Every structure is written in C-alpha cells, then in structure tokens.
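Read through the structure below, which is laid out as structure tokens, and then see the notes.
The values are calculated or read from the model by the stated rules, or taken from the named source; none is laboratory data. Model, not experiment: these values are computed from the prediction. Cβ placement follows ideal geometry from the backbone for every residue including glycine, while neighbour counts extend to all protein chains displayed.
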C-alpha cells in the first residue's frame, strides 16, 4: 500500500537528511518526494509517497514525530485528501503528428507551454493517475524527456 506522508518541519539545514535517513534506515523506498516552504518561512512541508503496510508506517510516523525539528506528521492515506502532481513532458512534434499531440493535450487538460521545430513541451497537472494516464497516451508520439514534481497533498479536514 502506498502512504502519503506530510511532515511539517522547522526550516533548518539537515532536517531533510534526518527524515530521509529514518525512512531509508527502515528499509523503505521513497517513491516521490517534495519539499517546499510552508505558510510560515521558518517551516517547510515535506510530502512523500512511501510504500509499506499500515503497522510499519505507524511505527515510522511515531519515530518521525520524535525528531527534534519535526513539528507534525500526517499520514494522509486513511484520510480524505487532495493530491496533485506536475509534469513537464517534451514530446516529438512533426508536421505529421503536431495536431494529434495538440488534441491529446487538450483532451487531458494539459497545456502546451513551448513549441519548437521538432518538439513541444507540455505541462500536465493532476492526480498521479491522471499524469500517468497522459504519459501513457502521449508515449506513442515519442517522449523525449519527462520532469515530475512528485506528489503534493493536503488533508480535506477543516482546521
């Protein structure tokens, strides 16, 4: 099972390394990782997607809460939440396939942000499944390069 873990931390050097060390030290892989300043510049939010069972992730969450610079840990997996991911996709674009690529981008609510002689760069934003679906559909046109942000997520709970 994939868990989406959101961690509010003090914005200090070494915090990310300690968090990552704790997760990897337990033998878990991190599928996606995103770190950015939170609403207050002295804090950051770390959002990661980690595969694992509920029992072990509960232990990891408890250990994360014990780290000095960790303010709060949320396992969003069992809650109602909103998640998004951004991907920039460079796709081969020729006279023959250009209209098909444009049409596919429009169908998937993706945005063409750069057009070159032999390629287009498309921005797609959505849940991970939507991004994966777009990548699968556009693959036949020839993907040159992909850059993804990883998941960001927020609980739907009020307050």
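Quick check, is residue 35 part of a strand (DSSP E or B), more than 18 Å from residue 10 (Cβ to Cβ) and either in contact with a strand residue (DSSP E or B) (Cβ under 8 Å, 6 or more places away or on another chain) or in the same structural domain as residue 150 (by TED's automatic domain parsing) (or both)?
Values: part of a strand (DSSP E or B): yes; more than 18 Å from residue 10 (Cβ to Cβ): no; either in contact with a strand residue (DSSP E or B) (Cβ under 8 Å, 6 or more places away or on another chain) or in the same structural domain as residue 150 (by TED's automatic domain parsing) (or both): yes.
In short, no.
Look through 87, 110, 127, 105 and report the one residue that is surrounded by 18 or more Cβ atoms within 10 Å (Cβ to Cβ) and within 25 Å of residue 1 (Cβ to Cβ).
Numbers: 110 fails: within 25 Å of residue 1 (Cβ to Cβ); 127 fails: surrounded by 18 or more Cβ atoms within 10 Å (Cβ to Cβ); 105 fails: within 25 Å of residue 1 (Cβ to Cβ).
After applying the criteria, what remains is 87.
Tell me which of these residue 67 doesn't satisfy, since it passes every other one: (1) modelled with pLDDT of 90 or more; (2) exposed (fewer than 15 other Cβ atoms within 10 Å of the Cβ); (3) over 26 Å from residue 148 (Cβ atoms); (4) in contact with a strand residue (DSSP E or B) (Cβ under 9 Å, 6 or more places away or on another chain). Tallying (1) modelled with pLDDT of 90 or more; (2) exposed (fewer than 15 other Cβ atoms within 10 Å of the Cβ); (3) over 26 Å from residue 148 (Cβ atoms); (4) in contact with a strand residue (DSSP E or B) (Cβ under 9 Å, 6 or more places away or on another chain), residue 67 fails exactly one: (2). Candidates are the residues of the range 1-17 that are free of Cβ contacts under 8 Å to residues at least 60 places away in the same chain and surrounded by 15 or more Cβ atoms within 10 Å (Cβ to Cβ); the one that is nearest to the chain's Cα centre (by Cα) is 16. The criterion of at least 3 residues that are at pLDDT below 95 and at negative phi is met, among strands (runs of 3 or more DSSP E) falling completely within the range 119-159, by 152-155.
Once the range 133-159 is narrowed to residues that are free of Cβ contacts under 8 Å to residues at least 60 places away in the same chain and buried (at least 16 other Cβ atoms within 10 Å of the Cβ), the residue that is farthest from the chain's Cα centre (by Cα) is 141. Every condition in (1) under 30 Å from residue 59 (Cα atoms); (2) modelled with pLDDT under 95 is met by residue 93 except one, and the failing one is (1).
Where residues in the range 90-101 are touching a residue at least 12 places away in the same chain (Cβ under 8 Å) and assigned to a helix (DSSP H, G or I), which of them is surrounded by the most Cβ atoms within 10 Å (Cβ to Cβ)? Steps first, please.
From the range 90-101, those touching a residue at least 12 places away in the same chain (Cβ under 8 Å) are 90-94, 97-98, 100-101; that's our starting set.
If we keep only those that are assigned to a helix (DSSP H, G or I) too, we end up with 98, 100-101.
Values: 98: 15, 100: 13, 101: 22.
In this case the residue turns out to be 101.
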